[in-house]
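One structure is given here, and the rest of the page talks about it.
Please treat every number below as a calculation from the coordinates, not as lab data. Here the structure is a predicted model, which means the values were calculated and not measured. Cβ coordinates were reconstructed from backbone atoms using ideal geometry, including for glycine residues, and neighbour counts include every protein chain displayed.
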Amino acid sequence: MHISTPKKDIDRILFTREQLADKVHELGEILTEEYKDKLPIVVCILKGASFFYIDLCRELKCHINLDFIDVSSYGNGTSSSGVVRMIKDLENNIEGRHVLLVEDIIDSGVTLSHLRKLLSARNPASIKICCLLDKAGAHAKELEPEYHGFEIGNEFVVGYGLDYAEYYRNLPYIGVLKPEVYAD
Ligand code: PRP
């Protein structure tokens, strides 16, 4: 990685701060309706989903519990290693509870299919996924999240929680990284 400001490494902005806020508000209204009587456990899949998760929780106008799980499959590269490593498990017992998993992006689908299987085995009342970005062309159809924000193409995106080699997460928008940043 060469030293520069994060902004200089962005080829183009895909979703501005305002577009993200509008989408999160829209999802918040749909999810409030769905979960208003269910006292769900809303789970943040660290670390990529963190910005989306916090904003989304503020848009949920119903009682929720917060919980966090940390898994990683990418290491420092730009494509999935295919192996999902558990770094931090949930604190709550989810048996009999409604669980909403909040994720930043579904790419190959490896992370979400692993998590859905792992958590379903703990017998929750329901388990659904809300994912901000869906690389629909990159994964099997049956892995589609119940709720998603935007469909995107096969580009490497960063910002609003998404990283490359742990950088760029703090950009307030989502943009496409210049290929030369990860070429070397
Ligand atoms: C990224 C992203 C998703 C996952 C999506 O996480 O946040 O969790 O990859 O890719 P997939 O559909 O191909 O599995 P990563 O493992 O890089 O960890 P991070 O959230 O801490 O950045």
Which value in deg cm²/dmol, rounded to the nearest 500, describes the helix-derived mean residue ellipticity at 222 nm for the chain, given -39,500 (n - 2.57) per DSSP H run of n ≥ 4 and division by the residue count?
-7500 deg cm²/dmol
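Quick check: from the Cα gyration tensor, does the stretch 117-159 come out rounded (a/c under 1.5), prolate or oblate?
Values: a/c = 2.52, a/b = 2.15, b/c = 1.17.
Here the stretch 117-159 falls in the prolate category.
Tell me, in nm to one decimal, what length is gained between K88 and H114 on full extension, where the rule is 0.36 nm per residue of separation less the Cα-Cα distance?
Details: separation 26, 0.36 × 26 = 9.36 nm, distance 1.45 nm.
Result for the pair: 7.9 nm of gain on full extension.
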Enumerate the whole-percent occupancy of each 5 Å bin, from 0 to the last occupied one, for all C-alpha pair distances of the chain.
1, 8, 17, 21, 21, 16, 9, 4, 2, 1, 0
Taking the DSSP beta bridges in the chain as the whole, what percent of them are antiparallel, to the nearest 5?
35
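Provide the packing ranking of 60-73, 33-46, i.e. peptides ordered by the mean count of other C-beta atoms within 10 Å per residue, highest first.
Values: 60-73: 15.5, 33-46: 18.1.
Those peptides, ordered most packed to least, come out 33-46, 60-73.
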With springs connecting C-alpha atoms under 10 Å apart, model the chain as a Gaussian network and identify which of G48, G149, G159 has the largest mean-square fluctuation.
G149
For the stretch 81-145, state what percent of all Cα-Cα pairs lands in each successive 5 Å bin, counting from 0 Å until the bin that includes the largest distance.
4, 16, 27, 26, 17, 8, 2
Set of lysines near K117 by C-alpha distance (under 19 Å), chain-local residues within fewer than 8 positions excluded
K88, K128, K141
Rounded to the nearest 10, the angle in degrees between the Cα long axis of helix 50-59 and the longest principal axis of the Cα atoms of the chain comes to 50
